[in-house]
Amino acid sequence: MNDNDEDYTARSEENRFGGRVRRYAKVGASASKLAARLATGKVFGGEIDHAKYAAELTSALGGLKGPLMKVAQILSTIPDALPKEYTQALATLQADAPSMGWLFVKRRMRSELGAGWQSNFTEFSHDAVAAASLGQVHKATLPNGDEVACKLQYPDMSATVEADLKQLRAAFAIYKRYDSAIDAQNIQEELSARLREELDYAREAKHMRLYRHMLADESAVHVPEPVDELTTSRLLTMTWQSGQKFQHFLDSDPDQDARNTVALNMFRAWYVPFYRCGVIHGDPHLGNYTLRDDHSVNLLDFGCIRIFKPDFVNAVITLYEALRDNDEEKAVSAYESWGFENPSRELIDVLNIWASFVYGPILDDRERKMGETNSVAYGAEVAGKVHRELRRVGGVKPPREFVLVDRAAVGLGAVFLRLDAHVNWYRLFHDLVGDFDVDKLAARQKHALDLVGLERPDA
């Protein structure tokens, strides 16, 4: 690197620090204004213009890289984590943030692979092919001709994560002053734990190997393979997966068979690992998969992975049976297994309203479209009703494990809505769980985790 590069680096570091200070000031000012307005509204009984303040917060977040944007995207898909005005506004945030320039890339690659890093590649794209909240991706070619994707983490992300999580705690504190229907402590703790994990690209490489193992028999789902010798905690190199973006597929005006095939493949990509090994990909974001010409799925980005206790997965099936059979005792057992503490009958009834919405498509043994009972409008209506009822019964504290599985279900439901798929969801579900055995799942999970060197989290 020449002297000019070093000067650029010094200026860049200063600019990044100054940028973080400015962005926290901007977000903090918006949050403080909202907090003050919430306080006066509580005292004087005034109406709070949530749409206005949501727009201000979204504007403050919109140009950011890092966890604040990541968390905002996640929160926008968790029902009732925030008032609907905020989730609607935050959902407009784009994952493809502007990428960092070539001088930055050269410096970062040298810090991860050494001064002669370029000798590992015959080609390396100067421009990022994708840029997201925590890092950006470059396409490269190895000396043996293999094409790879190199995901390079932005600088200072560990410090940025901790600073942003502090902002997140403040945001949840503001929300708690506004509304007691949802105690967000466990949501905050779960998102914080998963975000810290996402910083470790060596761990993500293990997640990727785990998914390659769990989906080895799924010919219509493809998982990249990490290149260990070119992977560090801040650089993840993996085999390149060619495919088109989901929106490009929709824009091609595919026929119904193609839509149904993609829906089937997406369903199995997410739920085969969950029901067989108790693992779920917690981020069904449109940028985290692509589609091949044969409508098979390339599953990407394995930073946000949740490993569940086998009993948790068993309770998912128990609640399904409870809703199917109208069995209140089974429902109570399921919620208690999930970690809902001493749920009252009233609370169970409220939780079942949401559960009936989420489980609805798999309760009928027939071909149907997701939108019959799970449309966006109806979902908003159900979420509003659940929220009002939770307030009435004194609120609820969702357990940590519940956060990402609920998000995955809702996020995938949204994908199936956009596909306008017409399939027998009941059969898809029963094909996976027909021979379910919690002890066999536990054995498969232990084998899979041992194989790649992972442990199940305690919480």
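Values for this structure:
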quantity	calculated
Residues of segment 291-311 classified as polar (S, T, N, Q) and either within 13 Å of the chain's Cα centre (by Cα) or assigned to a strand (DSSP E or B) (or both), total	1
For E204: the one exception among (1) in contact with a strand residue (DSSP E or B) (Cβ under 7 Å, 6 or more places away or on another chain); (2) over 28 Å from G339 (Cα atoms)	(2)
Some residue of segment 214-232 being more than 30 Å from Y275 (Cα to Cα) and modelled with pLDDT under 95	no
Those strands (runs of 3 or more DSSP E) lying entirely in segment 133-250 with at least 1 residues in contact (Cβ under 8 Å) with a residue 40 or more places away in the chain and in contact with a His (Cβ under 6 Å, 6 or more places away or on another chain)	147-153
Residue ID - modelled with the highest pLDDT, chosen from residues in segment 376-391 that are in contact with a helix residue (DSSP H, G or I) (Cβ under 8 Å, 6 or more places away or on another chain) and exposed (fewer than 14 other Cβ atoms within 10 Å of the Cβ)	G384
When residues of segment 191-227 are limited to those that are among the acidic types (D, E) and surrounded by fewer than 22 Cβ atoms within 10 Å (Cβ to Cβ), the one nearest to M266 (Cα to Cα)	E218
Those residues of segment 116-128 which are modelled with pLDDT under 95 and either hydrophobic (A, V, I, L, M, F, W, C) or in contact with a Gly (Cβ under 8 Å, 6 or more places away or on another chain) (or both), in sequence order	A128
Residue list for segment 321-335, filter: assigned to a helix (DSSP H, G or I) and farther than 13 Å from V405 by Cβ	E321, A322, L323, R324, D325, E328, E329, K330, A331, V332, S333, Y335
Residue, surrounded by the most Cβ atoms within 10 Å (Cβ to Cβ), within segment 333-355, restricted to residues that are more than 25 Å from A380 (Cα to Cα) and touching a residue at least 12 places away in the same chain (Cβ under 8 Å)	S337
Qualifying helices (runs of 4 or more DSSP H) (wholly inside segment 351-459; at least 3 residues being over 19 Å from A322 (Cα atoms))	371-374, 376-393, 400-419, 438-452
Residue that is surrounded by the most Cβ atoms within 10 Å (Cβ to Cβ) [pool: residues in segment 271-290 that are within 19 Å of L236 (Cα to Cα) and over 10 Å from the mean Cα position of the chain (by Cα)]	Y289
Qualifying positions in segment 106-132 - part of a loop (DSSP other than H, G, I, E, B) and over 17 Å from T232 (Cα atoms)	T122, S125, H126, D127, A128, V129, A132
Options L291, L323: the member that is in contact with a Ser or Thr (Cβ under 9 Å, 6 or more places away or on another chain), within 26 Å of R427 (Cα to Cα), among the aliphatic types (A, V, I, L, M) and in contact (Cβ under 8 Å) with a residue 24 or more places away in the chain	L323
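The values are calculated or read from the model by the stated rules, or taken from the named source; none is laboratory data. Note that the coordinates shown come from a computational prediction; the quantities given were computed from them, not determined experimentally. Neighbour counts are summed over all protein chains in view; Cβ atoms, including those assigned to glycine, are modelled from backbone coordinates with ideal geometry.
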